[in-house]
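Visitor: Handing you a structure now.
Every number here is computed from the coordinates shown, using simple stated rules; none is lab data. Please read all numbers here as calculations on a predicted model, not as lab measurements.
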Amino acid sequence: MAITEELYRSFGPKLIDAVVRVVRKEINTLRQEHSLPEYTLTQVATAIKDELDNIPDYPWMNDD
């Protein structure tokens, strides 16, 4: 199975976790170049939760 096919078969919490970890690594690489402290997974999770709290529900989320 090709790597892209394997990736596209991933879903849900595991995929979200992987994306957050990759983005965190990249952000921390950039922060290190500017002598800034690393972001922890907790800090990233808090930032994501805060952002989610500010996004209104999509119309389809309220359908019964």
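Visitor: How large is the helix-only mean residue ellipticity at 222 nm for the chain, computed as the sum of -39500 (n - 2.57) over DSSP H runs with n ≥ 4, divided by its residue count, in deg cm²/dmol to the nearest 500?
Guide: -21000 deg cm²/dmol
Visitor: If you compute Rg/Rh (Cα atoms, Kirkwood Rh) for the structure shown, which of [x] 1.32; [y] 1.10; [z] 0.95 do you land on?
Guide: Entry [y].
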